[in-house]
Structures are given as C-alpha cells and as structure tokens.
Amino acid sequence: MVNTLTPEAAERAAHRPRSLAPAAGRHGRARRRQAVVAYLFLAPTLLFFAVFLVLPLGFALLLSMSRWTGFRLGDIDPVGLDNFTGLFADGSTFLAPILTNTLLFALGTVALALAGSVLVATCIDRLRFQGLWRTLYFLPIVTTVVAVGNVWKYMYEPGGLVNGVLNALGLGSTAFLQDPDTALPSVVVVQAWATVGSAILVLTAGLKSVPQAYYEAAALDGAGPVTVFRRITLPLLRPSLLFVCITQFLSGLQSFALINVMTKGGPGDATDVAALEMYRQAFSYGDWGTASAAAFVLFLVVLAVTLAQLWFFRRKGEDA
Amino acid sequence: MRRPSGTGGPSRRHFALALPSALLVSGCAGPRRGSGRPGDPIVLTLLSHYASGELKEALRGPVDEWNATHDRVKVRTKAVEFTDLLTTFMVRQAAGQGADILHPYCLWNGQLVRAGVLRPAPPGHAEEIRRGYGRAAVASASVGGTVYGYPTEVQTYALYYNRRLLREAGVAGPPRTWPELEDTAYRTTRRDRYGNTLVQGFGLSTADDSTTVGQTLALLNAAGGSFVSGDGRRTVIDSPAGRAVFALEHRLVARGASDPGVNVYQAFASGQVAMVVSAGWWTGSLKSLMGKDYGDVGVAPVPVPAAGDERATLATGFMLGVNTASEHPDAAWEFLRWLNAGRVRGRGAPATRMSVLQVSVGSLTGRADDMRGLLGEGSDPNLRPFRDALAYAVPEPNGPGAQQAKSLLRKNIEALWTGQQSVDEALRTTRRQVDQEVSRSW
C-alpha cells in the first residue's frame with residue numbers, strides 16, 4: 001500500500017483538534033480508496049496464486065487424507081491418516097526402494113553436476129570465446145527431455161555407442177539400463193549432463209565477480225593454482241555453489257520425465273522414484289489419496305534437504 | 001460526470017466479481033449435446049484410443065454409416081492415444097464432460113466400475129453379449145458377474161517363431177511343450193565374442209506390460225495357473241504353476257537364451273529373435289515391418305508344460321460401454337447394439353460391423369462364428385492360432401486394483417530376470433506387494 005502523506009503532514013494530522021474530524025474522515029476514506037486500488041492492482045497476481053497454488057495445495061491436502069478415484073468430486077471419502085500409514089506399511093515399496101532411489105538419484109546428480117560444472121566453469125574462465133563455450137554447454141537445457149532421454153537410451157543399448165567404445169577398447173558389453181546395478185547411475189549421468197549447463201552459467205558469473213586483486217596478491221605470495229583454487233576461488237564461489245546445490249537437489253528430487261522416458265522406473269524398481277510413483281498412483285491406479293500423501297512426504301523431504309543445505313552453508317559463513 | 005455512490009446499477013466491484021464468474025461459468029459449462037431444441041437430434045460422444053492411422057479410419061466407416069442412416073441420434077467420435085486414454089476418462093469425468101460411450105481397456109473395468117463410471121448393460125443387451133461372445137470376452141467385459149459393455153477387440157496370446165532361425169538350428173517345427181521350448185531356445189541362441197546378442201532363442205522383453213506380463217501370464221495360464229484368486233482379492237502367483245513359470249524364465253535368462261535388455265518388437269522383426277509369446281495384434285505390425293521376410297514368421301499355440309496338458313493362454317481386450325453420466329443411455333445402447341451385433345456382409349460371410357472393423361485392422365473380436373467366417377480361406381494363416389485360442393483363452397484379471405497388481409507383477413518379473421531376486425524371493429515379494437495394494441483397492 002502507498003502512503004502519500006509526508007511525516008510532517010502525518011504528525012499534524014495526529015495532533016489536529018477534534019473539530020477537524022471531517023477532514024480526518026476524508027483522509028481515512030482516501031487511504032481506504034488507495035488500499036482498494038492497491039489490492040485491485042495485486043488482484044491478478046493474487047488470483048493467479050490462489051487458483052494455481054493455494055487451491056491445488058489445499059485440494060492435495062484434502063486428498064492426502066481421503067480416498068478418491070479421480071472421477072467424481074462427490075466421491076471423495078475422508079480416511080484420516082490411512083494414506084500416510086499405507087505408504088510405510090509392510091509390502092509398500094514407497095520407503096524402499098522408491099524414496100531411497102529418489103535421494104540417491106538427487107545426490108548423485110548434484111555431486112556429478114556440481115563437480116563437472118566447477119571444473120568446466122573454471123576452465124571456461126581461462127579460455128577465449130567464453131560465450132561460445134557457455135552456449136555449447138547450455139544446449140542440453142534447451143533440448144527436450146524426451147529427445148535427450150531417447151538419444152542416451154540408444155547410446156546405452158548393448159549395440160549402442162557407449163558399448164561400441166567399450167568393445168573397441170576390448171571390453172565386454174554392458175546392458176546399462178537393463179542391469180539393476182548400473183541403471184540408476186546411468187540415468188544419473190544423463191540428468192547431470194542435461195543440467196550441467198545452467199550450473200556452468202551460474203558459476204561462470206560467480207567467477208567473474210571474484211576480484212582480480214585476490215589472485216594478484218596470491219600470485220605475489222607465490223601460491224600455486226591448487227592453493228588459489230582451494231583458498232580463493234572455492235570460498236568466494238560459495239554463494240553460487242549454494243544456489244546450484246539447492247536448485248540441482250530440488251530438480252533431482254522431483255525428477256520424472258527423464259526416468260519415465262529412459263527406464264519407466266525399471267528394471268524391477270531399480271530406478272523408480274517418487275514423482276514417477278505419484279504419477280502412476282494417481283493416473284494409472286486411480287489412487288489419488290496415496291499419490292497426494294506421497295507428494296506431501298516428498299515435500300517434507302525436499303524441505304528437510306533444503307534446510308540442511310542452508311544450515312551447512314551458513315555454518316561455513318555464507319549468509320544465504 | 002461521476003455516478004453518485006449508493007445509487008443502483010452495477011459498480012466496479014460488481015463488475016470485477018461478475019467478469020471472472022462469467023468466464024468460469026462459460027469455461028466450465030458442460031458440452032453441448034445437440035441443440036436441446038425439440039426435434040433436433042441427440043448427439044452422443046464416443047471416446048476411444050482409435051486416434052490415428054487405420055484404426056481411426058476403420059471406426060469412421062461405421063460411424064459415418066450410422067450418422068447417414070439415423071436422423072434422431074448422431075454419434076461424434078473423440079480419440080486420444082492409448083497412453084492418455086485412462087487419464088482422459090478421469091479428467092473429463094471429474095470435469096463433468098465424460099463421453100456418453102467409453103472404450104476402455106478391460107483391465108480398467110474394476111477401477112471404472114468402483115468409481116461409478118460404467119453403467120451395467122441392460123438385461124437385453126447383457127443377454128445378447130453372453131450369447132454372442134466367447135467366455136474370455138464376456139468375462140473381460142464383466143465385473144463381479146455383471147456385464148458392462150460390448151467386447152470389441154480381443155487379443156489372445158500365442159507363440160511367434162522364425163522358421164528360418166529354427167531351420168538353421170536344425171529344429172523342424174515350433175515347440176509344443178516347455179522342454180521342447182527350452183531346447184529350441186538354447187539351440188537357436190547366438191552371441192558375438194563381446195557378449196552382444198545376435199539371436200535370442202526366446203524373447204523375454206521388458207519393453208512394456210504386454211511383453212513382460214502378457215507373456216508370463218500366457219505361460220502361467222498354459223501351466224494351468226492364474227494370477228489372482230477366484231474372487232480377485234489376492235494373488236495366487238506362488239502356486240506350483242507360478243513357480244514353474246518363474247523358474248522357466250529364470251533358466252532361459254541365466255543360460256543366455258533370453259536377453260531382456262533387447263526390445264523384442266524390433267529384434268524379432270529384424271530376425272534376431274527365434275521365438276516369442278505375444279498377442280495377435282502384432283501380426284499386422286510385423287507384416288509392414290518385415291516385408292517379404294514375414295514369410296518366415298509362423299504362429300503356434302503357447303507350449304504347455306508337458307505333452308497332453310490342456311491348452312490355455314491369456315486373453316486381453318477392450319469393450320464399449322455407456323457412461324453413468326450419459327443423458328441418453330438408451331440411445332447409446334441402441335448405437336452399440338447396431339455397431340456390435342448388427343450384421344453386414346464382409347468378405348462373403350455375414351458378420352457384425354465390429355468384427356469386420358477389427359479384422360480389417362488385423363485384430364479379432366470375441367465372436368467365434370464371425371472369426372471363422374472372416375478368417376477362412378485367403379486370410380493370413382498366422383491369425384488362425386489366435387482365433388482358435390478364443391475357445392480356451394483365460395481372461396486377464398480386471399478387478400479393482402488390477403492395473404496396480406499388473407505393474408507390481410511386472411516389477412518383480414523384471415527383478416527376477418535381472419538377477420535382483422531369486423525365484424522364491426520374486427514369488428514372495430509379488431505376493432506381499434500385490435496383496436497389500438489390492439486389498440486397499442476393494
């Protein structure tokens with residue numbers, strides 16, 4: 001809300017005798033009118049949030065404590081916490097392997113993407129044509145996940161490019177996506193490759209903001225490149241690293257499309273993740289209650305992981 | 001001039017409230033089912049997965065014929081891809097825009113009935129369906145003994161084999177028993193020195209539910225077993241028959257005759273798979289994919305565990321049913337009877353419009369008499385084992401939770417094939433998971 005009264009005017013208004021009440025009333029009406037105008041300007045945004053955020057969130061909360069097949073709104077049947085207890089009951093696959101896979105997938109993606117992007121961003125920072133390199137590494141981001149997933153799927157096939165290279169090196173073939181031991185790591189590699197571009201963009205921007213004076217001082221002191229990287233670059237990159245870490249973790253925990261295209265959660269449930277399970281529960285099995293309960297459990301996991309990261313970086317001195 | 005406050009007429013606030021309301025009401029209003037004026041025709045909507053290619057064209061023929069010959073009731077088809085079909089049913093039903101006539105995969109029938117989406121067939125239609133179709137087709141279109149629609153395409157499972165690959169391995173004909181199947185599989189398997197599969201003896205594939213689960217259930221039925229109990233409330237996969245099937249598949253994978261990592265749909269068409277169990281619809285795809293090499297393809301009944309065992313296999317299918325939300329159920333059933341029971345002359349023999357439609361796209365219906373007439377002389381001989389299987393096929397379980405049970409079975413079969421689980425573990429885990437989840441669905 002906008003206050004158009006200057007402090008002096010406001011003070012005068014506050015000390016005005018009661019005989020000036022009609023004028024004060026006019027000011028009050030003007031202020032209310034201003035508030036109405038302000039809310040009218042905010043209305044489209046508030047309406048948007050209400051329709052696309054608050055309403056679905058409330059509906060999901062309702063469904064998480066109900067049984068609903070997804071067909072008729074009148075059939076929503078409250079069941080209390082049954083859906084939540086069902087997720088962790090004997091015979092349920094939600095905790096293990098689904099939630100475990102989700103965390104491993106996110107952790108693997110963050111570790112690979114973070115290490116790769118720090119390495120590549122540091123290299124790019126020393127190269128000519130930096131814009132070109134950044135663009136090249138950013139290309140997977142603008143490619144659809146379905147295309148990326150399918151191309152990598154063919155590359156991982158027993159007769160595909162990756163096995164071709166292994167065979168050329170005299171090694172035997174591996175069924176990367178069909179072997180439960182290699183399926184999840186194989187998809188993690190693709191997810192990390194597909195998302196490393198945005199991390200590189202953020203980190204190269206972070207590197208640009210490191211004052212050159214530190215590097216000059218380090219050079220004068222005779223510090224080697226490893227020491228410079230450990231003692232100057234990494235600590236000063238911490239804000240960018242925090243951002244990359246949190247965003248990569250969020251997208252890793254919510255990953256759906258890539259796994260759906262590449263493995264559909266298989267073989268067995270070796271690559272089954274929470275988002276995929278939620279989709280199946282709701283749209284294939286018609287169990288919207290379980291799907292919504294799983295969504296809230298995943299939300300709590302995402303919140304806990306994000307808070308843990310913020311705490312960790314704060315402990316290291318980063319004011320997030 | 002400013003309007004004095006407090007006077008009548010719409011204020012800005014009224015306008016601000018009315019505009020979104022009007023937009024919401026116009027956006028969420030139900031579909032127009034005809035003009036609603038007396039004398040105007042009723043317009044029925046039919047939602048199916050016949051969305052493209054020859055399926056779309058095949059359905060358009062009879063629908064156009066109906067619309068040209070019936071003034072009172074018109075039919076409008078809507079189609080989505082099969083992968084979006086169940087979701088579309090849900091979303092449209094929840095929005096109050098469900099189609100009058102639905103064309104679901106019979107596996108979903110229990111789920112749809114429990115959700116109150118499907119209307120039971122009126123007694124006259126139910127009697128006609130029970131009388132006109134085979135046992136498996138009627139059971140697929142029924143839930144708890146109540147018939148819910150006219151069965152359309154029925155898919156039975158049989159053994160596809162590559163004559164050339166069998167001949168090269170010195171095998172004279174298709175296997176009839178499991179020992180023969182194993183022997184043929186081992187003899188036809190070939191790999192290169194890096195372990196890449198050149199020829200799979202028996203195709204076990206994780207490509208989709210119909211390959212992974214379909215072929216396992218076909219073998220299970222052939223061994224006299226079934227996936228779920230008679231009341232559909234628990235699994236009986238850990239029966240001796242189930243154990244025998246899991247053990248057979250485990251041996252085939254462990255000894256290298258099956259490579260579940262290979263997409264069997266592509267590999268068989270490329271001559272890289274000697275044998276595979278699959279459904280009848282595949283013949284049409286193989287014809288177009290293989291060209292003249294299709295001559296190498298033969299089809300035989302699913303082998304049984306031992307000579308003399310009674311034949312059995314799996315049948316899956318679709319049906320046409322009427323939505324409980326339809327405002328014109330009588331007209332919808334009238335149209336369905338015309339489409340599924342009304343006879344026309346097709347390839348010389350009189351058959352129902354649906355049977356003619358399905359055979360034209362390389363598929364079958366559950367009407368054995370129609371199939372005998374339409375798949376006689378001059379038709380693809382590879383379709384006949386599927387037609388003959390209509391007499392002994394076992395319907396796919398379709399109670400509430402059937403889709404989830406199938407997905408859980410698939411996961412455990414894959415875990416067995418990839419060595420994550422032993423036969424005992426896979427059977428035990430399937431039982432525990434399916435029983436837990438299916439019990440929640442009832």
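Bear in mind these aren't lab numbers, they're just calculated from the coordinates by the rules spelled out. Keep in mind that this is a model prediction, so the values were computed, not measured. Counting neighbours? That spans all protein chains shown, and the Cβs are built from the backbone with ideal geometry, glycine included.
State the antiparallel share, in %, of DSSP beta bridges confined to chain B, rounding to the nearest 5.
65
Positive end of the dipole of region A:78-207, charges at C-beta (+1 Lys, Arg; -1 Asp, Glu), about the Cα centre: which of A:Phe176, A:Phe84, A:Gly164 has its Cα farthest in that direction?
The listed residue farthest towards the positive side: A:Gly164.
With an 8 Å Cα cut-off and a minimum separation of 6 or more residues, compute the relative contact order for region B:48-142 in percent. Working shown, then result.
Details: 49 pairs, mean separation 23.6, N = 95.
Rounded, it is 25 percent for region B:48-142.
Could you please tell me the mean projected area of the C-alpha convex hull for chain B, averaged over all directions and given in square nanometres to one decimal?
Mean orientational projected area (chain B, Cα hull): 29.6 nm².
Mean-square fluctuation check for chain A, GNM, Cα pairs under 10 Å: which of A:Thr233, A:Thr271, A:Thr45 is largest?
Sorting by GNM fluctuation, first place goes to A:Thr45.
Please give the Cα centre distance for region B:128-190 versus region B:243-292, rounded to the nearest Å.
13
Hey, can you grab everything whose amide H is under 5 Å from the amide H of B:Val147? Only 5+ residues off in sequence or another chain; H modelled, so Pro and N-termini drop out.
Excluding prolines and chain starts, which carry no amide H, the hits are B:Ala121.
Under 5 Å between amide H atoms, partner at least 5 residues away or on a different chain: which partners does A:Thr271 have, H built in plane at 1.01 Å?
Amide H to amide H, under 5 Å and 5 or more residues apart or across chains, A:Thr271 pairs with A:Gly266.
Could you calculate the FRET efficiency of B:Asp183 with A:Leu139 from 1/(1 + (r/R0)^6), where r is the beta carbon distance between them and R0 is 41 Å, rounded to 0.05?
After rounding, the FRET efficiency stands at 0.20.
What do the square roots of 5 times the Cα gyration tensor eigenvalues come to for region A:15-158, in whole Å, largest first, as semi-axes of the equivalent ellipsoid?
50, 35, 16
Calculate how steeply helix A:180-208 sits against the longest principal axis of the alpha-carbon atoms of chain A, using the helix alpha-carbon long axis, and give the answer as 0 to 90 degrees to the nearest 10.
50
Please state the relative contact order of chain A as a whole percent: Cα pairs under 8 Å, 6+ residues apart?
25
Under 5 Å between amide hydrogens, which residues at least 5 positions from B:Val43 or on another chain qualify, with H placed 1.01 Å from N in the peptide plane?
Here B:Gly34, B:Lys74 satisfy the definition.
Short version: ³J(HN,Hα) in whole Hz for each residue of region A:163-177, in order, from phi by Karplus 6.51 cos²θ - 1.76 cosθ + 1.60 (θ = phi - 60°), x for Gly and Pro, what are they?
Going residue by residue, I get 5, x, 5, 4, 5, 4, 8, x, 9, x, 6, 10, 8, 3, 8 Hz, with x marking Gly and Pro.
Quick check: Cα centre of region B:76-100 to Cα centre of region A:59-81, how many Å?
Distance between centres, Cα-based: 21 Å.
Taking the 0 to 90 degree range and rounding to the nearest ten, how far is the long axis of helix B:82-94 tilted relative to the main principal axis of chain B, both from C-alpha atoms?
The helix B:82-94 is inclined about 30 degrees to chain B.
What does the helix-only formula give at 222 nm for chain B: each DSSP H stretch with n ≥ 4 adding -39500 (n - 2.57), the total divided by the residues, and the result rounded to the nearest 500 deg cm²/dmol?
-13500 deg cm²/dmol
Calculate, in whole percent, how much of the Cα-Cα pair population of the protein assembly as shown lies beyond 40 Å.
Here the long-distance tail beyond 40 Å is 48 percent of all Cα pairs in the protein assembly as shown.
To the nearest 0.05, how large is the calculated FRET efficiency for A:Met155 and B:Lys56 if R₀ is 35 Å and r is the Cβ-Cβ distance?
So the FRET efficiency works out to roughly 0.55.
Restricting to the protein assembly as shown, what percent of DSSP beta bridges are antiparallel, rounded to 5?
On the way: 33 of 48 bridges.
Antiparallel: roughly 70 percent of the beta bridges in the protein assembly as shown.
Considering the zone a paramagnetic label at A:Leu303 would reach in this model (a point 7 Å from Cα along the Cα-to-Cβ line), which residues of region A:227-256 have amide N under 18 Å from it?
A:250-251, A:253-254
In the protein assembly as shown, what is the count of Lys pairs whose alpha carbons are under 17 Å apart, counting only pairs at least 8 residues apart or on separate chains? Each step should come with its number before you reach the end.
On the way: A:Lys153/A:Lys264; A:Lys264/B:Lys406; A:Lys264/B:Lys411; B:Lys56/B:Lys78.
The number of close lysine pairs in the protein assembly as shown is 4.
Given springs between every Cα pair under 10 Å in a Gaussian network model of chain B, which of B:Ser48, B:Ser142, B:Ser407 has the largest fluctuation?
B:Ser407
Tell me, how many Å apart are the Cα centres for region B:298-325 and for region A:234-267?
So the two Cα centres are separated by 44 Å.
Which order do peptides B:151-159, B:57-65, B:231-239 fall in by mean Cβ count within 10 Å, highest first?
B:151-159, B:231-239, B:57-65
Based on the inverse mean of 1/r over its pairs of different Cα atoms, what is the Kirkwood hydrodynamic radius of chain A, in Å?
24.2
So what's the angle, to the nearest 10 degrees on a 0 to 90 scale, between helix A:145-156 and the longest Cα principal axis of chain A?
20
Where in region B:99-121 does the amide nitrogen come within less than 14 Å of the point 7 Å from the Cα of A:Asp77, taken along Cα to Cβ?
Inside the label zone: B:111-117.
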